[in-house]
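Read the structure below first, then the notes.
Computed from the coordinates by the stated procedures, all read-outs in this text should not be read as laboratory data. All figures in this text were calculated on a predicted structure; none of them were measured in a lab. Positions of Cβ are backbone-derived with ideal geometry, glycine not excepted, and every protein chain shown enters the neighbour counts.
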Amino acid sequence: MSEQPLYQRLGGYDAVAAATDDMIPRLLNDPLLKPYFDHMSQDGTRKLRQHFVDFLVSAAGGPAYYIGRDMRTIHAGMGISDADWEAFVAATRATLQQLHVPERESGEVLALVETTKQEILEHPVG
């Protein structure tokens, strides 16, 4: 018998959606990250939430298909720094801890997040 994908070990779609629902307010209220979201409408926040869910479900081996733009395009010109990235990772860790996600699965989620880092950070030219 082969091992279940991360998606199933996390608890499926509802668990990923619950984690997203815990994490989005953390991002929106983080003093360092809040300015990135200040311009968002309620509809924009709902769309962001669904893109998060679809991306995470897909990346974790679940049945969703992420139809959003690639991470580099989405974050281009935002000036996201290492400090911003660390705040995002801290919010992710806090959500995983809040939801009592086991250490192994938490590590795998953080590793998935880490795969996007180089596409999200703003790299100075020159």
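Would you calculate a helix-derived [θ] at 222 nm for the chain, using -39,500 (n - 2.57) for each DSSP H run of n ≥ 4 and dividing by the full residue count, to the nearest 500?
On the way: 8 runs with 82 residues, N = 126.
Roughly -19500 deg cm²/dmol at 222 nm, from the helical runs in the chain.
Farthest toward the dipole's positive end in the stretch 6-119, which of 52, 109, 42, given Cβ charges of +1 (Lys, Arg) and -1 (Asp, Glu) about the Cα centre?
Checked the options; the winner is 42.
Are there trypsin sites (Lys or Arg not before Pro) in the stretch 1-88 that DSSP puts in a loop and that have at most 15 other Cβ atoms within 10 Å, and which ones?
Working: sites: 9, 26, 46, 47, 49, 69, 72; in loops: 69.
Answer in residue order: 69.
Compute the angle between helix 42-59 and the longest alpha-carbon principal axis of the chain, please, reported from 0 to 90 degrees and rounded to the nearest 10.
Between the helix axis and the principal axis of the chain, the angle is about 50 degrees.
Top mean-square fluctuation among 20, 45, 92, Gaussian network model of the chain, C-alpha springs under 10 Å?
45
Please turn the phi angles of the stretch 15-31 into ³J(HN,Hα) values with the Karplus equation 6.51 cos²θ - 1.76 cosθ + 1.60 (θ = phi - 60°), one per residue in order, whole Hz, x for glycine and proline.
5, 5, 5, 5, 5, 4, 5, 7, 7, 3, x, 4, 5, 5, 9, 5, x
The list (i) 24, 16, 15; (ii) 20, 19, 13; (iii) 28, 17, 16 gives values of semi-axes √(5λ) of the Cα gyration tensor in Å, and only one came from this structure; which label was calculated from it?
Label of the calculated value: (i).
Got the relative contact order for the stretch 54-126 handy, in percent, Cα pairs under 8 Å and 6 or more residues apart? Spell out each step's value before the answer.
Values: 43 pairs, mean separation 30.6, N = 73.
That works out to 42 percent.
Counting alpha carbon pairs within less than 8 Å and at least 6 residues apart, what relative contact order, in whole percent, applies to the chain? Write out the running numbers ahead of the final one.
On the way: 98 pairs, mean separation 40.8, N = 126.
Across the chain, relative contact order equals 32 percent.
Looking at the square roots a ≥ b ≥ c of the eigenvalues of the Cα gyration tensor of the stretch 59-126, which shape do they give, rounded for a/c under 1.5, prolate if a/b is larger than b/c, or oblate?
On the way: a/c = 2.59, a/b = 1.44, b/c = 1.79.
Judged from the Cα gyration tensor, the stretch 59-126 comes out oblate (a/c at least 1.5, b/c at or above a/b).
Can you tell me the orientation of helix 103-114 relative to the chain, as the angle in degrees between its alpha-carbon axis and the longest Cα principal axis, to the nearest 10?
The angle comes out near 40 degrees.
Which of these, 84, 21, 38, has the largest mean-square fluctuation under a Gaussian network model of the chain (Cα springs below 10 Å)?
With Cα springs under 10 Å in the chain, the top fluctuation among 84, 21, 38 is at 38.
For the pair residue 90 and residue 112, how long in nm is the line joining their label points, each one 7 Å along Cα→Cβ?
Taking the simple label geometry, residue 90 and residue 112 are separated by 2.4 nm.
Suppose every Lys and Arg Cβ carries +1 and every Asp and Glu Cβ carries -1, with no other charges. What dipole size does the stretch 6-119 come out with about its Cα centre, to the nearest 20 debye? Please list the in-between numbers first.
Numbers: 11 positive and 16 negative charges, 37 e Å.
Dipole about the Cα centre, nearest 20: 180 debye.
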